[in-house]
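Let me begin by presenting the structure, written as structure tokens, before commenting on it.
The values are calculated or read from the model by the stated rules, or taken from the named source; none is laboratory data. Treat the numbers as computed from the prediction; the structure is a model and nothing was measured. When we count neighbours, we look across all protein chains shown, and the Cβ atoms used for this are built from the backbone with ideal geometry, even at glycine. All accessible areas refer to the heavy atoms of the entire protein, side chains included, with ligands and DNA or RNA removed. Shrake-Rupley method; radii C 1.70, N 1.55, O 1.52, S 1.80 Å.
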Amino acid sequence: MKAAFSHVKILVLLGLFALYVCLELALNVLLIDMYANSFELVLGDYKLSAERLELFGRTLSGFGLALSCVAFFPFHTIPALTSAKLIKEGEAPQPHHLNPLAKWCVRPLSLLLLWLIFVPGLRLAVDIKVDQTTNEQKLSAVRAVVYKEAYLAQAVSIENFPEFDEIVSDPKRRDLMVALIPSLAFFSNGFDQLIANNLSDVANNFMLNRQEDDFIQNAIPLTREFDATYETEWQRYQTATAAYEVAYQKENDHYAREQERVAVLKEGNDFVNRVWQRYAEELNKASSYREEYAANETIRGQFRSVRDKAMKSSCRSACEKSYREAFAQYLNELKFEDGEGFGIYLTEEDVILNKIFKSKTTLEMMFSRGRKNYLARSYGIPEEMLYEEYLTSGIAQDHLRQYLVDTKELALPDNWQVDDMQALIDAIASKYEGLAAREWQRYLESSELDFAEPGLTRLQFATHPKITQLAQQKLGRYYLASFTPGISESRYKTLWLDSQDNLSFIRMITSTAATTAFSSGGSMFELGRDAVKLAVIPPLSIFASLVAVIMLFIKISRYLAFKKPGYMLLVLVAAIGGLGIPTYNALMQDNAYHEMTTRFARQVSQENQHDQAFTTLFGYFLDIESGLYERYQNLKLVRQVRNQIFIAPPEQNSEDVTHTPGPLRHLDNRLYPLLAWVASLQLDQDVVKPFDANITVLKQDLNVGAYLGLYLNKNTVTGVEMPNFMNDTDLGLLAEQKYFYQPEWHKMAYEFVNNADDHEYWLSLAQGELGKESLIDNLERRMSVYLNQKPHLVELLNQLKGQGVSNLILVKLNEQSHYRCFVLPAIDANMIYQSVRSSFTDFQELADCKVSI
Amino acid sequence: MVVLQKNNDRDVSMYFAQCKKTVFTFALYLLFVQGCAVDKRTEDYKPIVNVTAMLPSHASELPDKQPLQNQLLKRNLVVDDSGEVLPINGRACDTDLYYRISQLPLATAIGRHRDLYTGFYLELAPVTDTWQVVLTDNQFAEYQTTGISLSTLTVTLGSQLSSADKFIIRPQPDLPLARYQALKASLERSFPEYRKQWILTHSQARKLGLNPGDYYATVRGAASPYLAETLMTTKARHRLVVKSSPSGTPATVATVVDSQTLAACQEASSVVKKVDKQPLKAQYSPLSVVAVLPANADFNQLERQATLLPKNQYLTFDGDIMAYDEYFAEPQQQGCAKQNLTIKEQQLCKQRIQDGNKKHLRRKVIMSIPTTNKDSK
């Protein structure tokens, strides 16, 4: 029975052990999965999952460690816990002498207690470690993270080590490498140095890539648009110039004008003579004009009635005159049905109202007379005028003028005579005046550019200010003075890229001077901490879990070794099969990590033996881990654990982000501050208030000049911190020494008055500490005063503070301390990711920056 | 009660008297109307005005020059009595032309220059107390005398002037006011009825009592206030008198020429009528070459042109020998066929090469290990 019970006990134990090992393996795999993602995701979308994983890891490792501690703790040395019954005389207490109290109460309780302490304790340990890292180490961590991001984006490779590239492009091997490479970069000085040396190039390359992408996407379409407009306008201009030339020639063709004058005058001559001819012919026909109408009943009837009325004796001369007038008017206004006039004109004297002749004859006579009058009136030629007289008369001149004005459409003055040849020449010229100008007006209406004058050659057109203006308008911020319609696109692209700022976020955060920004209160404090955590946590967690597994394995083997060799064998076989063989396979692979890291160590860490050893070992570690990872990646248990721990990243617009923390989390959160308080009693850490504003000054070559942290109170700078970035150098040391006198006598007097009874005060006075300050302190103090004298700067900083923006970057333009100002809301890990992926454009430039330092 | 009078109550004698009068009137009437019918038609029609082709006043009417004259007229040019080819009309040259008096005897065209020159341009300086016509530069820095004093000028010009002639007078600057007043007075005596315009400073002109239209105003930005930059003048166009205009850019109001009038015109505007390209013959005479030459040719060297043209060459008014068919070629027209074009200019003559889409930056950065650490793998 007991044997069966012990078998069951062992089996249960083994089962629990197997479960524990599996969970640890799951933890390993999940850690790699999580940290293989980019920094941004780990701290962003996957943050909650990462924290849960971390908690899980701590719980598991905490349990393992607690178990190991309890297992190896010599409880039996405490007399109260041993049962006297079991101890034989003279024998030293052994583990199996423990009394039931110890066995079932103390040991489990202490296990529980230790476990509870370890869970938050591990977190605390990590935090303390992180806080104790120096600024340089934080800088190394940031560099490591940048390198990891770049490596993940396949944007860097290392000369002579194509294996790195192969690994990152192989999806099966990539995750492990990517998750752990920040650690290698952080811990290995050689690698860190390699990255530091090349990071400037890397940063520049990212920047240029981004700028080139931007140019191709935005500027090339704009230049093509410009080209299309330019070509259209050029064609339009050319056609218009040609048309203008033709019109201009026509307008200025004096010879043609002369020909026209001659022709016009000849025609005028002909016309005048034709007039006379017509007149003469009509006159000839006048005597028998419309004689057939003399017999017309209507007319005769009218005539007779008028005549009869006029010839009455009662009608005297006045009355007769009136009748004659009436009849004259009647005949003058006589019209045919179709509207044609009768064609005679009679005055009252011409009317014959008597009966000497027959009415028909009288009418004929009147028609004839009337016709002659009519002709004289309409032609304007008096009856008695002869041809020669006519030619020299003003009437012929008039006829000529009328002809030229009406038929030839020449604008001649009213009293024009034919001897005024100039007026005729001018009238002819005015017909063509403005032809060319009208042509050009048509061009101006259809064109956008509206060139004032025709005749520009292609070269003149291309270099004309209007074209430059068009280019500036179309290209906007992509315009440079060296842009011409002829320059090739690739050449212009090169020129434009060269002219751009190389304000690189990556360079800024990884420059040596940046270390100061990592110090407490600095703008990159949080960034530095996050980077260190990222670099340190994964390998330590993995390492810890492996250690826990191994220790428990040892414990189990010890337990079973002597009692149940059979089970021991079983465990051994399981261990070899489950852990040993995959590891062996990985180590023996052609492209095993350790070969590459060995070679890498040799090249990169030549001076430092520790580094080399570490790097080589790291390779072996990677191999082991890769064996396990590959083997157990898709284990069902692993997947189940994964589903439990990883939650989907929050939706974009989901408001319900509150995830109720589990009980373990609550516990963790309660215990952590308690432990932290205990720890803080031991450690000596200043808590620095965060700065109100951070100023980064970049020199002309865009390298970091200085970082300043400022405290503001309304419109004054109340304090300045200038962390000493030359910390480790001799200069830095000097800067910390207290050399300079603080000439604030009243302050010194005050101190004396208040501390006269303090022997420490007297000691420091003797040592010369009092009244002296270090260079840094001196600078900080003066800087405060100096900055307060720069009203624009303080104003700007207050404004920014109000907007919640605390980072001001000043780029020095030239020797006269003119600066360009950029602002960044906050510096966080997201920016690293974006800078690498070439989409970071968040330096907001402030136009019109009058700030100077 | 009204009693109507009847007709037959009329007095018989009155009746006869009236009748006689009427008959007499009628007889006369008939005589006039019927007897004076005149046929005014004529066979001999004469023109009201004698139409003859008019040549510009400065064109030669000598019979031996007429064939050339006819050819030149078709190109908007004429030849004067001395054989010099001139533009058909001064107005074709963009601005008014003024003749600079620099030597005696004056050019042949003077005296008949109504259609060509708007007037005369004089640069005067006091030489040994009398005003003389001088030859100088744009700044009036130094001058050389011509020996033509004002009195000689009056005598020479007096008979040659036409009523519309104007004078532009530029005396030496920076002289005392009294001298200018004396000059003005003496010019008034010599040429009383002709319009005179002076080139002086504002204050000098005001002190002389000149109206704003009688002197040329300052032009901002020009080195010499009233005359265009020396760079803009040429051998043919000695001076360009400019005046500020509302748009701000100075406008040229007069061009001063003397011996190279046609060249000055060709520089300023396209006075010569353009012709199309013609197939070249093996031989040309100075007469036949006129109709073929391009518009920027030197028409005063027709013999030389006649020898050059069969070789596909001609002489421009600048004095360069150019290829005939190149003048009509399009690149030539656009300034793109010149010999010494810079690379930039050559690019401008062609369309842009559209090769900007290719990325030429490498995406990947290769981190290099310092050389001292590398081992030969």
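Observations, loosely collected:
- What the phi angles of the range A:51-61 give under the Karplus curve with 6.51, -1.76 and 1.60, with θ = phi - 60°, is a coupling list of 5, 5, 5, 4, 5, 4, x, 5, 4, 5, 5 Hz, glycine and proline written as x.
- Accessible-area rank, largest first, for A:Ile352, A:Ile550: A:Ile550, A:Ile352, with all protein chains present and a 1.4 angstrom probe.
- Since only A:Val418, A:His464, A:Gln402 are under comparison, the one whose Cα sits farthest along the positive direction of the charge dipole of the range A:341-467, derived from C-beta charges on Lys, Arg, Asp and Glu, is A:Gln402.
- Mean separation of Cα pairs under 8 Å and 6 or more residues apart, divided by the residue count, gives the range B:274-348 a relative contact order of 23 percent.
- Ranked order, B:His360, A:His746, A:His7 - accessible area, probe 1.4 Å, largest first: A:His746, B:His360, A:His7
- Pairs exceeding 26 Å between alpha-carbon atoms, taken from B:Lys207/B:Lys235; A:Lys699/A:Lys801; A:Lys103/A:Lys564: B:Lys207/B:Lys235.
- With all protein chains modelled, accessible area of A:Asp165 [1.4 Å, Å²]: 40
- Top positive-direction residue, dipole computed over the range A:557-628 with Cβ charges, set A:Gly578, A:Ser605, A:Met568: A:Met568
- Spatially proximal aspartates and glutamates relative to B:Lys281 (Cα-Cα < 14 Å; intrachain offsets below 8 disregarded): B:Asp325
- Coupling constants for the range A:265-270 follow from the phi torsions by the Karplus curve (6.51 cos²θ - 1.76 cosθ + 1.60, θ = phi - 60°), and in residue order they are 5, 4, 4, x, 4, 4 Hz; glycine and proline get x.
- Buried area at the A-B interface (accessible, heavy atoms, 1.4 Å probe, summed, Å²): 7800
- Inter-label distance for B:Ser259 and A:Ala756, nm, one decimal - labels placed 7 Å from Cα along Cα-to-Cβ: 11.0
- Here A:Lys747 is the anchor, and the aspartates and glutamates within straight C-alpha reach of less than 15 Å, apart from those fewer than 8 places off in the same chain, are A:Glu769, A:Glu773.
- Among the protein heavy atoms, those of A:Glu231 account for about 40 Å² of accessible surface (1.4 Å probe, every chain in place).
- Taking a straight Cα-Cα cut-off under 18 Å and skipping sequence neighbours fewer than 8 places away in the same chain, the aspartates and glutamates within cross-link reach of B:Lys350 are A:Glu225, A:Asp227, A:Glu231, A:Glu233, A:Glu489, B:Glu330.
- Only lysine pairs 8 or more places apart or on separate chains count here, and in the range A:254-409 those with Cα atoms under 15 Å apart total 6.
- Unsatisfied cross-links (Cα-Cα over 32 Å) in the set A:Lys474/B:Lys274; A:Lys47/A:Lys493; A:Lys250/A:Lys466: A:Lys474/B:Lys274; A:Lys47/A:Lys493
- Segment B:Thr145-B:His202, extension gain: residue separation times 0.36 nm, minus the distance between their alpha carbons: 17.8 nm
- Accessible-area order (highest first, 1.4 angstrom probe) of the listed residues A:Ile624, A:Ile537, B:Ile321, A:Ile195: B:Ile321, A:Ile624, A:Ile537, A:Ile195
- When the alpha-carbon atoms of the range B:267-320 are used, the pair Rg, Dmax equals 10.5, 33 angstrom.
- Pairs of Cα atoms nearer than 8 Å and 6+ residues apart set the relative contact order; for the range B:54-145 it is 22 percent.
- For B:Ser60, solvent-accessible area (1.4 Å; no DNA, RNA or ligand), Å²: 0
- Stokes-Einstein translational diffusion, the range A:352-426 - Kirkwood Rh over all Cα pairs, 1.002 mPa s, 20 °C, in µm²/s: 141
- Residue mean of other protein chain beta carbons inside 10 Å, B:39-46: 6
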